[in-house]
There are 2 protein chains.
Amino acid sequence: MTDTFKDLDHPPRLLMGPGPINVHPRVLRAMSVQLLGQFDPEFTGYMNETMALYRQVFQTQNRWTFLVDGTSRAGIEAALVSVLAPGDDVVVVNAGRFGLLLSEIAERCDARVTLVEGEWGKVIDPQAVEDAVARVKPRLVACVHGDTSTTMAQPIEAIGEICRRHDALLYVDATATLAGMPCPVDQWQADIVTAGLQKCLGGPSGSAPITISDRAAEHIAGRKHVERGIATAGAVSGAGRRIASNYFDLAMIMDYWSDKRLNHHTEAASMLYAARECARVALEEGLDARFARHASAGAAVVAGVEAMGLSVYGDPAHKMTNVTGIWIPAGIDGDRVRARMRTEFEIEIGTAFGPLTGKIWRIGAMGVNARKHAVLTTLAALEAVLRWEGFSATPGAGVDAAAKVYS
Amino acid sequence: MTDTFKDLDHPPRLLMGPGPINVHPRVLRAMSVQLLGQFDPEFTGYMNETMALYRQVFQTQNRWTFLVDGTSRAGIEAALVSVLAPGDDVVVVNAGRFGLLLSEIAERCDARVTLVEGEWGKVIDPQAVEDAVARVKPRLVACVHGDTSTTMAQPIEAIGEICRRHDALLYVDATATLAGMPCPVDQWQADIVTAGLQKCLGGPSGSAPITISDRAAEHIAGRKHVERGIATAGAVSGAGRRIASNYFDLAMIMDYWSDKRLNHHTEAASMLYAARECARVALEEGLDARFARHASAGAAVVAGVEAMGLSVYGDPAHKMTNVTGIWIPAGIDGDRVRARMRTEFEIEIGTAFGPLTGKIWRIGAMGVNARKHAVLTTLAALEAVLRWEGFSATPGAGVDAAAKVYS
């Protein structure tokens, strides 16, 4: 018989990659709270509070603002599969790994995908989106806000305006930016926006906040197909094509989060506690203060690595505040540097995907780690490891430049 | 501005419904442990340990034994959508709400569903399954082990034998029984078995353990379709029809849990900590001791309610040990009784679904609650509430009869 292994007992590690990052202590404590039954009034009260909290986090009036029980990718798939029926046209705005993911998921919905593609490290010109939308007349436009694979933040507002003008729905993946950079859902005129907890919200992966406009909700409700096992509860199926997934059927999940409380899944209560606490922490700090804190930390990372003689990846005009791409200098083994950051300093920085593999590192400063001490510590460690690996920077220059951003 | 509400602060409640139930304190503590990066060697070590632990819990040698990031329903959908392509035949064994759920999900896969249906409260005769399998020659047979909606446990071994003989794959939903009743996956000859944490494993909902036989894994791998965003990593797509879901694409999830560590989702680390600890707690107790503890608790509930003059629902020969259905006596308002159990004793017992709505209560005794004190407390409270509601039992008879089971 295999043994049952040991208690969780790993070193405390400073997670300065593109996410997941360290979880806020209050969120860790919330997850250790005992459960309630999922229809107990106290628990449905927590569900309603979670809806109200995420309306504020998403800066929206949308009634339908709740959680999908899965990672941020689950939120993306729930949005796309609930909107897109086979044969529906979708325009996907793609300039990074997560734009590609949107098109992959849309293809699996058997939607007809039109890609508006751009170079990694830049954002897409809204005119290109407008051209595609005018030509294709899609049901949906899908776009990533902050794509951690490229560190770029796509301006959404112009795309929202285009979608309204052409009567297309707009989906935005705000996984990497929500509660770290402004995501004003209503001002964007976005119809569905999803996120995860493991980036700027400072929680663990495993719960996907989502918000849905009334017009998107109406479309989705038209595709409702109530399970026979619970059909006695008076729910009515819609006229549209049944949604291809049961688990991600947002029409049923909305019934579950509504006063009807129609049973769907068994809510992941501990993750709901986590999501609720993430939002409370963010709102108690205040969104504007939080955005400013992420912006300062990002600026300090940039100032620090540039002072060390390193170059920042991508278009600085559209760089996400919370993640910074750094070109790996010639002659330096990027993976060795990352490994030594981990083994000698207990600090994690990120690698890269696809065309950027082996070319850039990614340093995140978000959630509880978007703070001076975390940035300075990371820069000091990076300087030492680079020196040991043969790349010399002026000693102390990175830390000094970053500290100056804060002074 | 809406306020940010209060800290989680609800009364401790004894959850004696059909699940979720109270979480084991060690599992609550595990969830409050700080994160690691998802590719940190300590974290991939935890992933490997989790695989080894669940092989023991599932009583299997299956290499592919891991977690799906979602509730137990996510595990079901991952299994069905990864096996079933449109037009595939599936035989669904159905005698309860969760059998219906299997057929609903299979229909959304555009599979051709043949139902072998039976009366709620009984199990299905294997001969009926054999007849359907011989006629339809399905790719897959899908069956619930313990269906909490009816409290019946379907014998699986005969169905496994039928499936091997007819070269069909067998999927079993063991959400409500794993680690509470024997689920010997290899002895069953089941190809895919899924579960959740929120029943006999004594954890929160939100992670779905799954195990997959080599022959099922081979079929699924033939449908692999690697995301373009990570395609540089050398993964090869299969010849079969692409799986309709990205999030539930078990071929990609197996690559993620393999030594290749191909990035798919961001693992829900806190839920992995919970799942790992649930398995450790179960295996340290020992599966046989655990099954016996659940059997005693179930027997005590039955003895107790019968001594109170109540009748147990369903076929006693096939009753799940961990959930008991109880006919609501004539003239008693079942919902009022449940409400008073909650408000006056902080005890939750379960309601029922579909044809049993308003007709039975369901009392669960599982995980950390499959213990004498929980059973006795519940019976004492039920007796009092029933007396206040006008149903009189011999005072103390229920508690005494249950205590006798333990003596």
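The values are calculated or read from the model by the stated rules, or taken from the named source; none is laboratory data. Computed from a prediction, not measured in an experiment: that's the story for all the values here. All Cβ positions, even for glycine, are placed from backbone atoms using ideal geometry, and neighbour counts span all protein chains on display. In case anyone asks, the SASA skips ligands and DNA or RNA and just uses the protein heavy atoms, side chains included. Shrake-Rupley method; radii C 1.70, N 1.55, O 1.52, S 1.80 Å.
Kindly give Rg over Rh for the range A:286-406, based on alpha-carbon atoms, with the Kirkwood expression for the hydrodynamic radius. Walk me through the intermediate numbers first.
Details: Rg = 13.5 Å, Rh = 14.3 Å.
My calculation puts Rg/Rh at 0.94.
For a quick check of understanding: with a 1.4 angstrom probe and all protein chains in place, what accessible area in square angstrom does B:ILE210 have, to the nearest ten?
So the heavy atoms of B:ILE210 present about 0 Å² to solvent.
Kindly work out what percent of the DSSP beta bridges joining two residues of the protein assembly as shown are antiparallel, to the nearest 5.
On the way: 36 of 77 bridges.
Taking every DSSP beta bridge within the protein assembly as shown, about 45 percent pair in antiparallel fashion.
How many angstrom separate the Cα center of the range A:333-407 from the Cα center of the range B:24-63?
Value for the Cα centre distance between the two parts: 29 Å.
Indicate, rounded to the nearest 5 percent, the antiparallel portion of the DSSP beta bridges found entirely in the range B:3-155.
Working: 2 of 12 bridges.
Rounded to the nearest five, the antiparallel share is 15 percent.
Could you put A:TRP120, B:TRP327, B:TRP188 in order of accessible surface area, largest first, with the 1.4 Å probe and the full protein assembly present? Please list the in-between numbers first.
On the way: A:TRP120 55, B:TRP327 100, B:TRP188 10 Å².
I get B:TRP327, A:TRP120, B:TRP188, largest accessible area first.
Between A:ASP259 and A:ALA295, 0.36 nm times their residue separation minus their Cα-Cα distance comes to what? Walk me through the numbers on the way to the answer.
Details: separation 36, 0.36 × 36 = 12.96 nm, distance 3.93 nm.
9.0 nm is the gain from fully extending A:ASP259 to A:ALA295.
Given N residues in the range A:92-146, what is Rg(Cα) / (2.2 N^0.38 Å)?
Details: Rg = 10.6 Å, N = 55, 2.2 N^0.38 = 10.1 Å.
Cα-based Rg divided by the globular estimate yields 1.05.
Between B:ASP186 and the same site in the other copies, what are the distances in nm, shortest first, taking label points 7 Å from Cα along the C-beta direction?
Result, one decimal in nm: 6.0.
So if we plug the beta-carbon distance of A:ARG215 and A:ALA384 into 1/(1 + (r/R0)^6) with R0 = 51 Å, what FRET efficiency do we get, rounded to 0.05? Don't skip to the answer; put the middle values down first.
Numbers: r = 54 Å, r/R0 = 1.06.
Taking R0 as 51 Å, the efficiency between A:ARG215 and A:ALA384 is 0.40.
Would you mind telling me which residue in B:SER237, B:SER207, B:SER32 has the biggest mean-square fluctuation in a Gaussian network model of chain B, where springs connect alpha carbons within a distance under 10 angstrom?
B:SER32
From the label point of B:LYS6, set 7 Å along Cα to the beta carbon, how far off in nm is each other copy's matching point, shortest first?
Label point to label point, same position, other copies: 4.1 nm.
Just to check, using Stokes-Einstein with a Kirkwood Rh over alpha carbon pairs, what's the diffusion coefficient of the range A:229-370 at 20 °C and 1.002 mPa s in µm²/s?
Working: Rh = 19.4 Å.
The diffusion coefficient I find is 111 µm²/s.
Which percent, nearest 5, of DSSP beta bridges in chain B are antiparallel? Numbers along the way, then the final one.
On the way: 18 of 38 bridges.
Given both bridge residues lie in chain B, the antiparallel proportion sits at roughly 45 percent.
Cross-link candidates for A:LYS319: which lysines have Cα within less than 17 Å, leaving aside residues fewer than 8 places away along the same chain?
Those lysines meeting the cut-off are A:LYS122, A:LYS199.
What does the charge count near B:LYS122 come to, summing +1 for each Lys or Arg and -1 for each Asp or Glu among other residues with Cβ under 12 Å from its Cβ? Don't skip to the end; give the middle numbers.
Numbers: positive: B:LYS319; negative: B:GLU117, B:GLU119, B:ASP125, B:ASP147, B:ASP315.
After counting each charged neighbour, the total is -4.
Before I look further, what does chain A give for accessible area per residue, probe 1.4 Å, in whole square angstrom?
Details: 13080 Å² over 407 residues.
Roughly 32 Å² per residue, with all protein chains present.
With springs only between Cα atoms under 10 Å, which of A:ILE105, A:ILE192, A:ILE243 fluctuates most in a Gaussian network model of chain A?
A:ILE105
Over the protein assembly as shown, with every protein chain in place, what whole percent of the accessible area is carbon and sulfur at 1.4 Å, could you tell me? Please list the in-between numbers first.
Working: 13340 of 26170 Å².
Here carbon and sulfur together make up 51 percent of the probe-accessible area.
Give the whole-number value, in cubic angstrom per residue, of the convex hull volume spanned by the C-alpha atoms of the range A:1-79.
Numbers: hull volume 16.5 nm³, N = 79.
Cα convex hull per residue, to the nearest whole number: 208 Å³.
Please list, in order along the range A:188-204, the HN-Hα scalar couplings obtained from phi with the Karplus expression 6.51 cos²θ - 1.76 cosθ + 1.60 (θ = phi - 60°), rounded to whole Hz, x for Gly and Pro.
Taking θ as phi minus 60°, the curve returns 5, 6, 7, 8, 9, 10, 10, 8, x, 8, 7, 10, 5, 6, x, x, x Hz for the range A:188-204.
For chains A and B, what's the summed buried accessible area, probe 1.4 Å, to the nearest 100 square angstrom?
Details: alone 17010 and 17000 Å², together 26170 Å².
Interface between A and B: roughly 7800 Å².
Provide the FRET efficiency to the nearest 0.05 for the A:GLU117-B:GLU119 pair, computing r from the beta carbons and using R0 = 56 Å.
Working: r = 57 Å, r/R0 = 1.01.
According to the calculation, E is roughly 0.50.
Based only on Cα atoms, what Rg/Rh ratio does the protein assembly as shown have, Rh being taken as Kirkwood's radius?
Details: Rg = 26.5 Å, Rh = 27.2 Å.
Radius of gyration over Kirkwood radius for the protein assembly as shown works out to 0.98.
Ignoring ligands and nucleic acids, what accessible area does A:ARG112 show with a 1.4 Å probe (Å², nearest 10)?
Approximately 140 Å² of A:ARG112 is accessible to the 1.4 Å probe.
Please name the residues of the range A:180-229 whose accessible area, counted over protein heavy atoms with a 1.4 angstrom probe, falls by no less than 20 Å² between the chain alone and the full protein assembly.
A:PRO204, A:SER205, A:HIS225, A:GLU227, A:ARG228, A:GLY229
Between B:GLU284 and A:ALA128, take the C-beta separation as r, use R0 = 45 Å, and let me know the FRET efficiency to the nearest 0.05.
Values: r = 59 Å, r/R0 = 1.31.
With R0 = 45 Å, the Cβ-Cβ based efficiency is 0.15.
What are the label-to-label distances in nm, one decimal and shortest first, from A:ALA239 to the same spot in the other copies, with labels 7 Å along Cα to Cβ?
Copy-to-copy label distances at A:ALA239, shortest first: 4.5 nm.
Of A:ALA330, A:ALA208, A:ALA85, which has the largest mean-square fluctuation in a 10 Å C-alpha GNM of chain A?
A:ALA330
Among A:61-71, B:313-323, what's the highest-first ranking by average C-beta atoms within 10 angstrom per residue? Mind showing how you got there, number by number?
Numbers: A:61-71: 23.9, B:313-323: 21.5.
Packing order, densest peptide first, comes out as A:61-71, B:313-323.
By how many degrees, 0 to 90 and rounded to 10, does the Cα axis of helix A:334-345 deviate from the longest principal axis of chain A?
80 degrees
Note down the net charge around B:SER213, summing +1 for each Lys or Arg and -1 for each Asp or Glu among other residues with Cβ under 10 Å from its Cβ. Numbers along the way, then the final one.
Numbers: positive: B:ARG63, B:ARG215; negative: B:ASP186, B:ASP191, B:ASP214, B:GLU218.
That works out to -2.
Where Rh is the Kirkwood radius over the Cα pairs of chain A, the temperature 4 °C and the viscosity 1.567 mPa s, what D in µm²/s does Stokes-Einstein return? Please report the intermediate quantities before stating the final value.
Values: Rh = 22.1 Å.
So the translational diffusion coefficient is about 59 µm²/s.
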